[in-house]
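Since the structure comes first, as structure tokens, the remarks are kept for the end.
The values are calculated or read from the model by the stated rules, or taken from the named source; none is laboratory data. These numbers were taken from a predicted model, which means no experiment stands behind them. We place every Cβ from the backbone using ideal geometry, glycine too, and count neighbours over all the protein chains shown.
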């Protein structure tokens, strides 16, 4: 009904130059937006990052982390077979760039730093979608300290691992942080996955370390971010 009414309204203007032509262009642009599926907007409206406690902010960049530490939180995004069952933690990370220029992010350098009392500090690298599926469905042995790259997309076929494995890789990739550019005056978010080997209580003593960011088109330095995830443990 809304699309039909808007199209009728737009068609009432002749395709002339000047103000009317600009009006027609605006009509076509808004019509294109109305044709987008609601799912295109759903992910950005589920959570207000400003309501989350685990954050760090400086130089007009806010980074917020939302760690999933209970099984119930995984159901909507991951279904029956979730990374939680394999001892993996999913962290939804939000980047709000209030600068006038884009920022380059190097996801390969992000680390989950675990500092449990009376234990050696561990620095965990993020897992790829294939790693997540392997550990969840194929029971691959954990080695949490191994750093891994973030191949988005990888182009691998996953041949021989089964339909469930392929579907899970697709699901993980659809929600994972898959960009290294943070647009100006915009919020970007996606999940990072780490192997906690079922020790979800360790999040009380854990920081998300994001060291490698840079303004694009500028030589100005952008300092590292370190987010205390312990304040989010109750969620």
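Assorted remarks:
- Residues (within 18 Å of residue 49 (Cβ to Cβ) and in contact with a helix residue (DSSP H, G or I) (Cβ under 8 Å, 6 or more places away or on another chain)) located in the range 171-191: 175, 176, 177, 187, 189, 190, 191
- Here residue 42 fits the description: modelled with pLDDT under 50, outside the structural domain of residue 124 (by TED's automatic domain parsing), outside any loop (DSSP other than H, G, I, E, B) and closer than 23 Å to residue 178 by Cβ.
- Only one of the numbered conditions (1) over 19 Å from residue 207 (Cα atoms); (2) touching a strand residue (DSSP E or B) at 6+ places or on another chain (Cβ under 8 Å); (3) surrounded by 19 or more Cβ atoms within 10 Å (Cβ to Cβ); (4) modelled with pLDDT under 95 is not met by residue 142, and that is (3).
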